[in-house]
Amino acid sequence: MSDRLPPLTALRAFEAAARHMSFAKAADELNVTPAALSYQIKALEADLGQPVFRRLNRAVELTEAGRCLAPGATDAFTTLSAAWRSTKRLTDNGVLTVTAGPAFTSKWLAPRMYEFAQAHKEIELRFLATLRIIDFDRDEVDVAIRFGLGHDKEVYSRPLIDEWMTPMMTPEMAQEIDRPGKLAKATLIHDDSISFFKVPMGWDAWCQAARVDVDTSHGPRFSQADHAIDAAIAGAGVVLGRVSLATRALEAGRLVAPFEVGLISEAQFRFICPQGTEKRPHVAAFESWVLEEIQTSEKFAEGRHLVRASDLL
């Protein structure tokens, strides 16, 4: 028995027909006539030596041979299509697709997009705001910015920001809460997006670092860091804010961080891309720009007493 494959057009016609279970829909997808598609499938059946479809009055169904062939054919064309898209992207330096978490996208990337666009008019930025695990080829993503403990394997991974947190509030609120002990009278806003840390990073840990006795059991809780920061900007209370996400609000004076104690987390933001693609012009330009922008938030650490949460254990 020969292992020679039938023509690719015949396999493609079969795969589409098997997926749709309709010759008409498959022909429409492939932009051919139903007669042409039927001819390709008959040619495949001739090569195989047995039918792959059972023709009914107004429908078709797969034979045993068809059911055996269909999953492999679909997987093969899916893989081939992904490889083709990835290969074409190697020559496309005009579009850069970046994925980051929703909070980082809304609070860090989106407000700065205009600056990057002005500096690199030849590059079109596209954002995918998600926390799910990314397959660079399948999802057609060039760069991922991720926050966590940083166990990245078989990719290019560069640390960007060592996250730290400190109480933040509106300037008006800060006039009343002018020392840490007065937080006992404030509404504390909780950011539960950091609950996955092995070392606790919430209000209890900060109060321990600042050596103040405050009941931290009350106050609204948010699953997204940007929502917690927005609540503080609206004057709903005091948030233990992540400085990387609150930089623009601090720069604009919508929030202030009046206390010197900051809590350093064990997690960090990382710049991640497939190994070797960091040298491509548009990826390298974006990485360089991100690193420059990050330096603008370093001024908020000046003169502060930063404590590692792990040292409190």
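Read-outs throughout are calculated quantities, based only on the coordinates presented, and are distinct from any laboratory measurement. All values derive from a computational prediction rather than experimental measurement. All Cβ positions, even for glycine, are placed from backbone atoms using ideal geometry, and neighbour counts span all protein chains on display.
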* Cut-off 14 Å (backbone N to label point 7 Å along Cα→Cβ of L306), residues of segment 132-161 -> 160-161
* **Extension gain, T87 back to L48 (0.36 nm per residue minus Cα-Cα distance, nm)** => 10.8 nm
* Rank these for me by crowding, W203, W289, going from fewest to most other beta carbons within 10 Å. => W289, W203
* Asked: What do the square roots of 5 times the Cα gyration tensor eigenvalues come to for segment 8-89, in whole Å, largest first, as semi-axes of the equivalent ellipsoid?
  -> 22, 14, 11
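Report the calculated FRET efficiency for D162 and K25 (r = Cβ-Cβ distance, R0 = 51 Å), to the nearest 0.05.
Step by step, r from the Cβ atoms, then E = 0.40.
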* Structure fact -> The answer for the chain, counting only DSSP H helices whose Cα atoms cover 24 angstrom or more along the axis and whose Kyte-Doolittle average is -0.5 or greater, is 64-89
* If we restrict to alpha carbons, what Rg and Dmax does segment 143-291 come to, in Å? -> 17.2, 53
* Asked: Based on the Cβ-Cβ distance from T216 to L131, what FRET efficiency comes out when R0 is 25 Å, to the nearest 0.05?
  -> 0.45
* Asked: With N residues in the chain, what two-decimal value do you get for its Cα radius of gyration over 2.2 N^0.38 Å?
  -> 1.42
* Residue-span extension gain [A184 to Q224] - 0.36 nm each, minus C-alpha spacing -> 12.0 nm
* Asked: Percent relative contact order of the chain, based on C-alpha pairs within less than 8 angstrom and at least six residues apart?
  -> 20 percent
* To do: Report the residue, chosen from A257, A46, A267, that carries the largest GNM mean-square fluctuation when the chain is represented by alpha-carbon nodes joined by springs under 10 Å.
  => A46
* Unsatisfied cross-links (Cα-Cα over 27 Å) in the set K153/K198; K153/K279; K121/K279 -> none
* **In nm, spacing of pseudo-spin labels at I294 and Y114 (7 Å Cα→C-beta vector)** => 2.5 nm
* **Sum of -39500 (n - 2.57) over DSSP H runs of 4+, divided by residues of the chain (222 nm, nearest 500)** => -12000 deg cm²/dmol
* How high is the relative contact order of segment 8-89, in percent, with contacts defined as C-alpha pairs under 8 Å that are six or more residues apart? -> 28 percent
